[in-house]
1. Quick one: is K501 basic (K, R) and either at positive phi or more than 35 Å from the chain's Cα centre (by Cα) (or both)?
2. Hey, among the residues in the stretch 485-497 that are in a loop (DSSP other than H, G, I, E, B) and touching a Pro at 6+ places or on another chain (Cβ under 9 Å), which one's farthest from N522 (Cα to Cα)?
3. Can you report the number of residues in the stretch 495-515 which are open to solvent by 20 Å² or more (accessible area, probe 1.4 Å) and in contact (Cβ under 8 Å) with a residue 40 or more places away in the chain?
4. Output the qualifying pairs, or none if there are none: Cβ atoms under 8 angstrom, residues six or more apart or on different chains, first residue in the stretch 248-263 and over 17 Å from C290 (Cβ atoms) and open to solvent by 10 Å² or more (accessible area, probe 1.4 Å), second residue among the basic types (K, R) and assigned to a loop (DSSP other than H, G, I, E, B).
5. Scan the strands (runs of 3 or more DSSP E) fully inside the stretch 66-131 and keep the ones with 1 or more residues being closer than 30 Å to Q172 by Cα and modelled with pLDDT under 95.
6. I need a count of the residues in the stretch 304-350 that are on the phi > 0 side of the Ramachandran plot and either open to solvent by 70 Å² or more (accessible area, probe 1.4 Å) or hydrophobic (A, V, I, L, M, F, W, C) (or both).
7. Answer with yes or no whether N572 is exposed (fewer than 11 other Cβ atoms within 10 Å of the Cβ) and either within 14 Å of L491 (Cβ to Cβ) or touching a Pro at 6+ places or on another chain (Cβ under 8 Å) (or both).
8. Of all residues in the stretch 373-387, count the ones that are touching a residue at least 40 places away in the same chain (Cβ under 8 Å) and open to solvent by 10 Å² or more (accessible area, probe 1.4 Å).
Amino acid sequence: LSVPSSSAPSAEGPWLPAWYDPLAGLKCFSSCIRLTDLYGDGDHKLIIADLERKMRIYKGTQVIWESVLLGVPVAVASFYPDMRRAGVPTAPALAVASGPYIFIYRNLRPYFKFTLPQVDIHSSEQEVWSALKEDKIDAGRAFERLSAARDSGVVLSSRSADLLSLEDSVAQQQFIQGVKALPLVQQTVITAMEVLKKNMEDETAVSMLVVATESKRVMILDPSSTSITVSVEVGGVPAFMAVSGLFDIEYRIVVATRDGRLYTIKNGEKLGTVIELETHPCGLVKTEKCIFVATVDNVIHSYHFKGKKNYSIYLPHSISNMELLSLSKTRTVRCLLVALSNGEVRLYNEKHLITTLHINDVVTGMRFGPYGREEGSLILTCKSGSLTVKMLQRQANLENSTQSAGPPPEQDVPLNIPKKTKLYVEQTQREREQAADMHRIFQRDLIKLRLNTARTYVKVLLDGHGPMSTTSGTQLRLNAMIQGLGPLFKLRLHLQNAGMKQLQDLPVTFTYNQDLYRIRNNFFNVPVLVPGLLYTYEVEVESIDPNGSADSIRVFICNSKSALPLLSAIVNMPMSEQRLPE
């Protein structure tokens, strides 16, 4: 692909159309697109791993190599496992991550398969399956013990999770009989993969694979990709990963997890700085100075390495991809490429919008880098399966925005203000003459409203209908919530004594529609309420209506010295799931 060096303005801004293939039939994401010099001749090739288990290599506009993969690819990377020898061109190796495996290709031939180590299984889970194998416990007892282990915070294997998903005792027994003789192992899978240089910044320098797994770990493999050199556990499952630096000197790995957090690994140790995002991440880019993270609420946040937020960019549509535009040979430029769901590809220099490219399709994969002999090439794969290649003009101005500075042009458009009518003039004159009286009447009505509100609130508290009671010198708080889908619910009551004296023997009762609900223990006594402590009581509520109708349940905290309750609460019950036929 040869592109002229002309910098004449065009409708696509600094981008020049190089190639468009609407019938490529590609289904891939950004992690499965790479640009690399396969033969060491300076001619970079395009490598795409398809979700249809095919890997293609493009040279210019032609497919020069295609192979079938053994699994659905997660990420593709090219790295140099050997040092460069004098006079001999260095060819990189290709790594394809799929499930728990990394398939290594050298000279476009399968060379080696690396398998991730198995995940350690908790001892309590191993004891349950060992007892099942020796027929020491039955399926029901095993189900109870595994459920208790899960509730206590133990991370169970996929086999135990499958067993707990079965509700029928016969199905549980059949599942156990089919798997209890097999060894209990848990295999993790790869979620992201990047490349880290070992000791030099050169393009053909020895590099290492960095792998993020479903077991919340980030691993760095040795240059030969046969063993794990560094393994660090983060606080969540990694979704995106950005790598910079040199392994032998200093390196940083920024990890964005699915639960909306950013972790930083520096020289093999997880730093204490954790960035909390408002929503889940959908893209991550790292530069020398800061971190850019895109979130699902259409915002791009810029953070410093120490966690300080620099600025935010609010976008009109959801973000599908984000990529770093980096030029270092002819000039040094660092910009941000953002693909939106409406078919726009925006180019930002820090927080300033430089240009917008319209693709008219949803971008599923985006990669910027050298392709062929051109340093700046933008590779786009779309939802329709098309492949688009754009070239960046060599003299393109990426420092300043193409839009004129100052206020927007809409500011000069006059507003359509209606003409003044006679009624408007008379009303304005009346307000000007009677301004003092109007203000006095407004203040009087406002004070009356505040007084009536305060009287009503005091009456609610004295009658015991509010969330807090101050009757008879007591200060009591009640919070009631309902849990469950039905027909069996759990009503949780949180009681707290906010006063200075303890309370004793407080009766608790309920009123409800007995045609819809049944409460087994609809009356009980609270022995004592110590000031400051929070007490929790649980009451089982059963929906007996065949249609699952909903109504409210009233909770009363009674007073032995008065006919009025100390406190009451209304619980609005949800619609109940219908009871399954036995």
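1. The answer is yes for K501.
2. For the stretch 485-497, the residue satisfying everything is L485.
3. 5
4. Pairs that qualify, where the first residue is over 17 Å from C290 (Cβ atoms) and open to solvent by 10 Å² or more (accessible area, probe 1.4 Å) and the partner is among the basic types (K, R) and assigned to a loop (DSSP other than H, G, I, E, B), are D248/K198.
5. The strands (runs of 3 or more DSSP E) meeting that bar number zero.
6. Matching residues across the stretch 304-350 total 1.
7. Considered against the rule, which asks whether it is exposed (fewer than 11 other Cβ atoms within 10 Å of the Cβ) and either within 14 Å of L491 (Cβ to Cβ) or touching a Pro at 6+ places or on another chain (Cβ under 8 Å) (or both), N572 comes out as yes.
8. So the answer is 4.
The values are calculated or read from the model by the stated rules, or taken from the named source; none is laboratory data. As the structure is a computational prediction, the values presented were derived from the model and not from experiment. Positions of Cβ are generated from backbone atoms using ideal geometry, with glycine treated the same way; all protein chains shown enter the neighbour counts. Just the protein is used for accessible areas: all its heavy atoms, side chains included, with ligands, DNA and RNA removed. Shrake-Rupley method; radii C 1.70, N 1.55, O 1.52, S 1.80 Å.
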